[in-house]
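The values are calculated or read from the model by the stated rules, or taken from the named source; none is laboratory data. Being a predicted model, the structure only gives us computed values, none of them experimental. Backbone-built Cβ (ideal geometry, glycine too); neighbour counts: all protein chains shown. Remember, those area values only see protein heavy atoms, side chains included, never the ligands or the DNA or RNA. Shrake-Rupley method; radii C 1.70, N 1.55, O 1.52, S 1.80 Å.
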Amino acid sequence: MPVLRSPRRCPRVVAVVLLLGVVAFAGCRTPARHPAPVATAAAPAPDLSRVEVILLNGGGTAAQNYQSHLLHVRQFHDMLERVGLPADRLAVFSSDGDDPGLDLAVRDAQPETDFWLIEGSWLEAPLRTPVTFGNSTVEGAVLAPATKAELARWFTTQGRAMRAGDTLLLYVTDHGTRAKKEEPGNTGITLWGVGESISVRELGALLAELNPAVRVVTLMSQCFSGGFAQLATARSGDSLPNGETCGFFSSTADRPAYGCYPENRGRENVGHSFLFLEALAETGRLDEAHRAVLVSDATPDVPLRTSDVWLDQTMAVAAKAAGQELTPFLDALLRQAWQDPGAWETDIRLLDRIGNTYGSFSPRSIHEIDEQGERLAAASQQLRINHGTWSAAFDSARRANLDRFVATRPVWRDRLTEPKVRDLPQPAARALTVELLGELGPATRADRSTTKRFDVLREKSASAGEVAYRMDVRLGVLLRMRALLTHIAGRVWLQTKGTPAQRAAYAALRDCESFALPSAGVPPGTELAHVQPFPPLEDDLALADDVLPAWMGIQFKQAADDVRTQHQLPNGAAAVIAVYPDSPAKAAGLQAGDVVTGPPGHPFTERDQIREWTMLSRVNEPATLAVLRDGQPLQVTIRPQPMPRKWPSLSSPPKVGAAAPPLSLGAYRGTPPTQLADGNPHLLFFWATWCGVCKASLPELDAFAQERGVQVVAITDEGAPLLDPFFAKWKGPFPATVATDVDRRAFMAYGVSGMPTFVLVDGAGNVQSYAVGYNPAKGIAIDGWTWSKRPAPPAS
């Protein structure tokens, strides 16, 4: 899988939680056995009199200046006021500035619940609630136009007055533009005005006007924002970052950002900016807010820091110089890191939290990421195809329903002509919408057959869209994990192979990224939105199977008018254009040029109805279709099959009740089972020598094994070099059977996303219980098990 992958669509989603959730295993604090490379200390909150802040929302034009961007600016402005930033140190550049003209697009939610009945038809655009326009305002702020000229004026006046040791915090919420092919990485920020933008190089030139010792910290949530990580060197012109410029970005240089879309028709708190600012208000620390967003942002965003981008580029250069492919080069460095996993516990726990949040495994190598990414990408592509197919069938059914309604009502047939509807003023269009849906809705619901069809098609389309989007999220999550693992590998390389100048550059970047503000806290009365728990990957794959349409294997179009007239065929007659090899249609004998009229005695009456009939057919059950071939009637019997799909084997926790994945383990102590369905129950205990919470669970684990007569298999991805010294010192209880899984096949097969993980398998080889983490008050979380030595809950 390439490091950076751009999805083909930008769906919208509402997400969120405020900070990194404290899960049961979050308390592990094993001290590092050697210093983590070039670590940086937490920086105190700065003197706000030495801080300047620019809030930037270019907007482009009124039609594309979405309200969500203004909400971001207001949110940040309010937080900065609450922390006491002097007003004269806060500049807001937003669209047309303080011009009272209408510069802001606002879309209200569609008020008619039956509007979906005309979606997908030509009536949707002229009758949808229109975008209205307002004037951007931010209470307590004077807005300046978001233009190059105004930005340049700020840098030549207020910017030049900044002194060495001051900090400029530059926040961008906006649309972003891709880099041109001839200028890779030179992405842009949309400013106010048609075609107005500022690129990485242009912004770097403005920043170069500052005192070189002024620190610049950026926070950018626009599409393709990761390109602005290059400011770390573009500002100074040095080959290595000097730590005076750094930033935080919602996505990579070649990916959209999923918070930069309209308000999802009534839903707010979408994407990177809202979440980052909420976390920043709570902690005051940009780096902590970044870590929070890695876990909480349930969109396909890939939040990054400048140090992530710089290390990724540095590792690519180092791998090339070593004559190696990047993945094995990085994995060799990660194996060095895992020789002392306790030194990386904070990073491992973050990987675990991300995996646990999104219902997948927690990787320890780039190879695992690449392998999973290739599988997810294949599944994601197929799911998007499935969603498109269901949506097309639903649209066709709605258009046919509208056509039937209009055809039986001459008054509406006369009123619903394109010239008449498109020329209506807005009040008249709104009145027409209410009147039309007031009749169309009841008429549709009175037709029980049509209502039943719509219920099925709408549910299938919605479910297919949701699971396809979540698969896109999981791809983004994998890229977040890849960036984290690359960062770890890069730190090992700096410590062992890097030059003093490179180590100093990294330390300077991390020091810059440690910039903090005073904690503002959440304003009284604020109610934060919370995302629904992300379903396990296996559940989504089961849902994908449930919405997998049946398939015939043809390309078709509506039969020509003269053919339908000659043979007195209804509108649904479909001409076969092509027949796929090895398809049910091929096996049934269908040929290009055939005209399919429908099941005998029940011809297709609606255009494209053959698609819906096929998709909803029972798989592998014979069905008869009437066909015209060269003008002669005949019948074919077809057995629809599931649409060809590639649901690859993906790493996720097995479901309770399902067969436990097979094990192939190394024996460190005792004899691990080779066959779980051996008539005896087993408790698989995934653990690590550095995991203090794993050790805390051992007394209860020992009691469970003795009372239930269960063989506990302690599975670790560590080898003898770490296990030997651990067991030489360990004096407490420990399972007799210790197995090694150094290639992490068992960890992936069981979707382990945190340690400890407990998997109870019965004698028939089926999973009876699956639990992640350990809390003494809750125990090992196995149904029907209680432990007499468990601490009593606190008195209420």
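General remarks:
Residue-by-condition table, conditions (1) of a type in the set (A, V, I, L, M, F, W, C); (2) in contact with a helix residue (DSSP H, G or I) (Cβ under 6 Å, 6 or more places away or on another chain):
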{"residue": "Leu170", "(1), (2)": "yes, no"}
{"residue": "Lys181", "(1), (2)": "no, no"}
{"residue": "Gly185", "(1), (2)": "no, yes"}
{"residue": "Thr190", "(1), (2)": "no, no"}
{"residue": "Val194", "(1), (2)": "yes, no"}
{"residue": "Gly204", "(1), (2)": "no, yes"}
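- Qualifying residues in the range 233-247 (those that are out of contact with any Phe, Trp or Tyr (no Cβ under 7 Å at 6 or more places or on another chain) and open to solvent by less than 30 Å² (accessible area, probe 1.4 Å)) - the one farthest from Pro184 (Cα to Cα): Gly243
- Some residue of the range 495-508 being among the hydroxyl-bearing types (Ser, Thr, Tyr) and either under 31 Å from the mean Cα position of the chain (by Cα) or at pLDDT below 90 (or both): yes
- Among the candidates Thr314, Thr299, the residue that is touching a helix residue (DSSP H, G or I) at 6+ places or on another chain (Cβ under 7 Å) and under 30 Å from Ser68 (Cα atoms) is uniquely Thr299.
- Which listed residue, of Ala696, Ala660, Ala677, is surrounded by 14 or more Cβ atoms within 10 Å (Cβ to Cβ), under 29 Å from Glu374 (Cα atoms) and either among the hydrophobic types (A, V, I, L, M, F, W, C) or touching a Ser or Thr at 6+ places or on another chain (Cβ under 8 Å) (or both): Ala660
- Among the residues of the range 571-589, those that are open to solvent by 40 Å² or more (accessible area, probe 1.4 Å) and more than 39 Å from the chain's Cα centre (by Cα) comprise Asn571, Lys586, Ala587.
- Flag if Arg364 is closer than 30 Å to Thr450 by Cβ and in contact (Cβ under 8 Å) with a residue 12 or more places away in the chain: no
- All told, Ala626 falls short of being within 42 Å of the chain's Cα centre (by Cα) and either assigned to a helix (DSSP H, G or I) or closer than 26 Å to Phe394 by Cβ (or both).
- Members of the range 751-780 that are of a type in the set (Ser, Thr, Tyr), open to solvent by less than 20 Å² (accessible area, probe 1.4 Å) and modelled with pLDDT of 90 or more: Thr757, Ser769
- Residue that is modelled with the highest pLDDT, among those in the range 42-59 that are open to solvent by 20 Å² or more (accessible area, probe 1.4 Å) and part of a loop (DSSP other than H, G, I, E, B): Asp47
- Lone qualifier among Thr306, Thr346, Thr327 - being at pLDDT 95 or above, open to solvent by 10 Å² or more (accessible area, probe 1.4 Å) and not aromatic (Phe, Trp, Tyr): Thr327
- Those residues of the range 469-516 which are touching a strand residue (DSSP E or B) at 6+ places or on another chain (Cβ under 8 Å) and not in a helix (DSSP H, G or I), in sequence order: Ser514, Phe515, Ala516
- Tally, over the range 359-381, of residues that are at pLDDT below 90, of a type outside the set (S, T, N, Q) and within 16 Å of Thr757 (Cβ to Cβ): 2
- Residues that are in contact (Cβ under 8 Å) with a residue 40 or more places away in the chain and assigned to a strand (DSSP E or B) do occur in the range 556-566, at least one of them.
- Residue that is nearest to Val295 (Cα to Cα) [pool: residues in the range 349-358 that are touching a helix residue (DSSP H, G or I) at 6+ places or on another chain (Cβ under 8 Å) and open to solvent by less than 10 Å² (accessible area, probe 1.4 Å)]: Ile354
- Restricting the range 264-278 to residues that are surrounded by 24 or more Cβ atoms within 10 Å (Cβ to Cβ) and not acidic (Asp, Glu), the residue that is modelled with the lowest pLDDT: Val270
- Of the numbered criteria (1) open to solvent by less than 20 Å² (accessible area, probe 1.4 Å); (2) touching a Phe, Trp or Tyr at 6+ places or on another chain (Cβ under 6 Å), the one Ala688 fails is (2).
- Comparison of Phe115, Phe93 shows that the only residue that is touching a strand residue (DSSP E or B) at 6+ places or on another chain (Cβ under 6 Å) and open to solvent by less than 30 Å² (accessible area, probe 1.4 Å) is Phe93.
- The one condition from (1) of a type outside the set (Asp, Glu); (2) touching a Phe, Trp or Tyr at 6+ places or on another chain (Cβ under 8 Å); (3) in contact (Cβ under 8 Å) with a residue 60 or more places away in the chain that Phe734 does not meet is (3).
- Whichever residue in the range 125-141 is open to solvent by 50 Å² or more (accessible area, probe 1.4 Å) and not hydrophobic (A, V, I, L, M, F, W, C) and, among such residues, is modelled with the lowest pLDDT: Thr132
- Matching residues, the range 244-261, being assigned to a loop (DSSP other than H, G, I, E, B) and under 30 Å from the mean Cα position of the chain (by Cα): Ser250, Ser251, Thr252, Ala253, Asp254, Arg255, Pro256, Ala257, Tyr258, Gly259, Cys260, Tyr261
- Those residues of the range 354-379 which are more than 23 Å from Ala771 (Cβ to Cβ) and out of contact with any Phe, Trp or Tyr (no Cβ under 8 Å at 6 or more places or on another chain), in sequence order: Ser365, Ile366, His367, Ile369, Asp370, Glu371, Gly373, Glu374, Arg375, Leu376, Ala377, Ala378
- Taking the listed residues Asp743, Asp724, Asp702, the one that is among the acidic types (Asp, Glu), surrounded by fewer than 23 Cβ atoms within 10 Å (Cβ to Cβ) and assigned to a loop (DSSP other than H, G, I, E, B) is Asp743, with no other qualifying.
- Members of the range 406-427 found to be under 41 Å from the mean Cα position of the chain (by Cα) and within 24 Å of Thr444 (Cα to Cα), listed by number: Glu418, Val421
- Residue within the range 593-610 that is over 30 Å from Thr450 (Cα atoms), open to solvent by 20 Å² or more (accessible area, probe 1.4 Å) and more than 42 Å from the chain's Cα centre (by Cα) present: yes
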